[in-house]
Structure formats: structure tokens, C-alpha cells
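Novice: Got a structure here, written out as C-alpha cells. Questions coming.
No value in this document is a laboratory result; all are computed from the given coordinates. What you are looking at is a predicted structure, and each value in this text was computed from that prediction instead of being measured. All Cβ positions, even for glycine, are placed from backbone atoms using ideal geometry, and neighbour counts span all protein chains on display.
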Amino acid sequence: MSFAPVLREGAAPHALVVATHPAAASLTRSVAEAVARALAAHGHTTEVADLVAEGFDPVFGRADHAAYSGVGPLPDDARAEQRRIDRADRLVLVYPVYWWGLPALLKGWIDRVFVAGWAFEENAGGGIVKRLGRLKVHLVALGGADGATYDRHGYRHAMHAQIEHGIFEFCGAAVATSELVTADRLGTPSLLEDTVRTITNSLPRQDASHVSVNGEVTDGRDDV
């Protein structure tokens, strides 16, 4: 099953910011909202998708498998998420690191939404056609260990292999920025602004003027 992309010529750039954390008062939520404000200040329209609050079902179930096998339609909730991404020029994922990887909710969102026929497809010769080449992706991972721990165990390389390359580059989406915020940085007064600036500095030059981030960083030492 193949879906035609949505063309947005002439429209203001749009960013979809996806946050996954069970607590409303978390660093994850603070960063997501700060990123949305900064992108809005740079001329983007923005939408923050809180997958927990929205009750997205991350389970790749029978209906999803039927769609994958070509014997059923894609479930409506997964198709709705695809349409959300179709409207976006930039996709920002803000998430806590659980067990050295994505939270189950976010991984399930990717499993159910980034499917063949929309994110990629196989051509007659068995090659992969990447279908998300227009999309720019920004990753903000919030870790509960210090930077030395992640470096010692090779997590940064794993993050690149599994998420940046294994998911987004496979689908043709360029990862514009990828940041791992570690526990030893959580007490930094400028953490929120520094994290946002990583994204805004990657924007086209005419959009990349400095924007001050209002608001304080939520205490994320135990709840990122």
C-alpha cells in the first residue's frame, strides 16, 4: 500500500514536536515546549504531540500486521499520525532514555507509523525507496546517567546506529541534530536554552537569529 506525500509549497515551515513522558511536569515536557516556542519565534508553525496525554496505542497489533501483509487497511490512528508528519517540515523527538533506548511508547509510535508504503517501499528490484527525504529530524534524548557512563558503554554510537541510521536515514529523513543530554548537565542554568539553541542553530541562516528561551528548567534529576 502506498500513500502520496502532502505537498506544502509556499506554506510557512511547520514543526511537529513529539514528547513522551508519563509525568506532565518533567524535563521532557519543558524541553518540548521550549523547542516549540523557539521554532515559532523562527517563523515556524508548531504542534506539540504529547503521546501519553493523547493516549496513543503503541502496540503493533493484528490490524497493523494485516496492513503490513497487504490484507487490510492501515489503522486510522496510525494514518492520522502519518498525516501529522506529512504536514511537517521538521520532526522533533524529545524523550527520556529508558534501558539505553527509546521509551516503549515512542518506539511503538515509530513501529506503527513509519511503515512500508509511506516511510519507505521496496521496488521491483528489491531495493529500498526512501520516501521521507523532505523531512528534517531533530533528536533530544534525556539520559539519567552521566556522560562518562554513556561514553564508556558506547551509547552514543548505539544511538546513531539504531535511531539515526536504523530508522530515519533508512527512510531518507535527514537527522539535522541529535543531542544526548546527560545527568551531569541537568544542574546547568542554561541547559534549556543550550538544548534549544542546538536546534535553532541548524536552521537556514535567515531563520537562525538568537532567541531567548523563557521559563525555568524542571528539576529533572530523578524524572527526565
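Novice: In region 38-60, how many residues are touching a residue at least 12 places away in the same chain (Cβ under 8 Å) and not in a helix (DSSP H, G or I)?
Specialist: The qualifying residues number 14.
Novice: Please pick out the residue among G154, G125 that is at positive phi, loosely packed, with under 14 Cβ neighbours inside 10 Å and either in contact with a Phe, Trp or Tyr (Cβ under 9 Å, 6 or more places away or on another chain) or not β-branched (V, I, T) (or both).
Specialist: G154
Novice: Out of all the residues in region 148-160, is one or more polar (S, T, N, Q), out of contact with any strand residue (DSSP E or B) (no Cβ under 6 Å at 6 or more places or on another chain) and over 27 Å from E47 (Cα atoms)?
Specialist: There is at least one residue in region 148-160 that is polar (S, T, N, Q), out of contact with any strand residue (DSSP E or B) (no Cβ under 6 Å at 6 or more places or on another chain) and over 27 Å from E47 (Cα atoms).
For every residue, the table says whether it meets (1) in contact with a Gly (Cβ under 9 Å, 6 or more places away or on another chain); (2) over 21 Å from I167 (Cβ atoms); (3) surrounded by fewer than 20 Cβ atoms within 10 Å (Cβ to Cβ).
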site: P13; (1), (2), (3): yes, yes, yes
site: V35; (1), (2), (3): no, no, no
site: A41; (1), (2), (3): no, yes, yes
site: P103; (1), (2), (3): no, no, no
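Novice: Every residue in region 161-172 that is in a helix (DSSP H, G or I), surrounded by 15 or more Cβ atoms within 10 Å (Cβ to Cβ) and without any contact (Cβ under 8 Å) to a residue 60 or more places away in the chain, please.
Specialist: Those that are in a helix (DSSP H, G or I), surrounded by 15 or more Cβ atoms within 10 Å (Cβ to Cβ) and without any contact (Cβ under 8 Å) to a residue 60 or more places away in the chain: E164, I167, F168, E169.
Novice: Determine whether Y155 is more than 23 Å from A11 (Cβ to Cβ) and in contact with a Gly (Cβ under 7 Å, 6 or more places away or on another chain).
Specialist: Answer is no for this residue.
Novice: Restricting to region 89-116, what's the tally of residues that are in contact with a Leu (Cβ under 8 Å, 6 or more places away or on another chain) and either of a type in the set (D, E) or at positive phi (or both)?
Specialist: Residues that pass the stated criteria total 1.
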